[in-house]
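The values are calculated or read from the model by the stated rules, or taken from the named source; none is laboratory data. Since the model is a prediction, treat every value here as computed from it, not as a measurement. With ideal geometry, Cβ positions are generated from the backbone for all residues, glycine too; neighbour counts draw on all protein chains shown. Calculation scope for accessible area: heavy atoms of the full protein, side chains included, ligands and nucleic acids excluded. Shrake-Rupley method; radii C 1.70, N 1.55, O 1.52, S 1.80 Å.
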Amino acid sequence: MATVIDTCSLVSLAKNYLPLDENGSLMNFIHEKFVTKEWVMLDAIQRESQYTSQGIVLKAMPFLKDSAYMTKTNEMYPPSTKKLDNMLDRNFSIPILKRELSDEEYIVQKDIFLKSGDGRILVYCLNMKSDANLFSELFVLTEESRTSNDGKLFKKLPLICEHLEIKVISLPDYLKANGFRVEK
């Protein structure tokens, strides 16, 4: 099983969960997940983590600075570039926002999206799905809501994953399934 983690989940871990981890058991659990490669952090996510919330992720989990915990995706392409391009155009873009852009502006925005953490997660998951023998199960761990309320051109990661039949799990659900609870 592999779980691809996004930036907002790492930020949530650093802000909301690790400060409550008095005995270090959660930090050990997280570290072990990255060591065993059960949790996958893509290079784009590591880059985003440096600049999101003043770099809180890498301050709270300094081991994530090590390239050994990072999966490189800069030379990873989707199994079918044309199919992904069509899905971005027809299924994953927000039509009203797309209409406001010229063709050139849309192409630039699509390229920016594909280089972002969410875009790299999308390409990574498509590749892992096409190589079904690689993982018995593949999940995306995200704290993103399904609601597109941020004015971005492309749909939120949970909706994209749903369309592609990629399983999504939230951080609280993942931690609860693995025996962690936050109590008063």
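Can you find a residue in the stretch 8-17 that is over 24 Å from Val168 (Cβ atoms) and either at pLDDT 90 or above or in contact with a helix residue (DSSP H, G or I) (Cβ under 8 Å, 6 or more places away or on another chain) (or both)?
no
If the requirement is being of a type outside the set (S, T, N, Q) and touching a Gly at 6+ places or on another chain (Cβ under 6 Å), which of these qualifies: Glu48, Glu104?
Exactly one of Glu48, Glu104 is of a type outside the set (S, T, N, Q) and touching a Gly at 6+ places or on another chain (Cβ under 6 Å), namely Glu48.
Residue by residue through the stretch 50-100, note down the ones that are closer than 14 Å to Arg120 by Cα, surrounded by 14 or more Cβ atoms within 10 Å (Cβ to Cβ) and polar (S, T, N, Q).
Result: Thr71, Thr73.
Among the helices (runs of 4 or more DSSP H) lying completely within the stretch 1-92, list those that include at least 1 residues that are polar (S, T, N, Q) and in contact with a strand residue (DSSP E or B) (Cβ under 6 Å, 6 or more places away or on another chain).
7-12, 43-51
Of the conditions (1) out of contact with any Pro (no Cβ under 6 Å at 6 or more places or on another chain); (2) surrounded by fewer than 18 Cβ atoms within 10 Å (Cβ to Cβ); (3) more than 25 Å from Tyr51 (Cβ to Cβ), Leu138 fails just one. Which one is it?
Every listed condition holds for Leu138 apart from (2).
Please tell me if Arg181 is within 24 Å of Phe34 (Cα to Cα), in a loop (DSSP other than H, G, I, E, B), without any contact (Cβ under 8 Å) to a residue 40 or more places away in the chain and not hydroxyl-bearing (Ser, Thr, Tyr).
So Arg181 fits the description; yes.
If Leu122 meets every condition in (1) open to solvent by 40 Å² or more (accessible area, probe 1.4 Å); (2) closer than 30 Å to Met27 by Cβ; (3) free of Cβ contacts under 8 Å to residues at least 60 places away in the same chain; (4) not β-branched (Val, Ile, Thr) apart from one, which number is that one?
Leu122 satisfies all of (1) open to solvent by 40 Å² or more (accessible area, probe 1.4 Å); (2) closer than 30 Å to Met27 by Cβ; (3) free of Cβ contacts under 8 Å to residues at least 60 places away in the same chain; (4) not β-branched (Val, Ile, Thr) except (1).
Restricting the search to the stretch 106-127, which residues are in a helix (DSSP H, G or I), closer than 17 Å to Val4 by Cα and hydroxyl-bearing (Ser, Thr, Tyr)?
Tyr124
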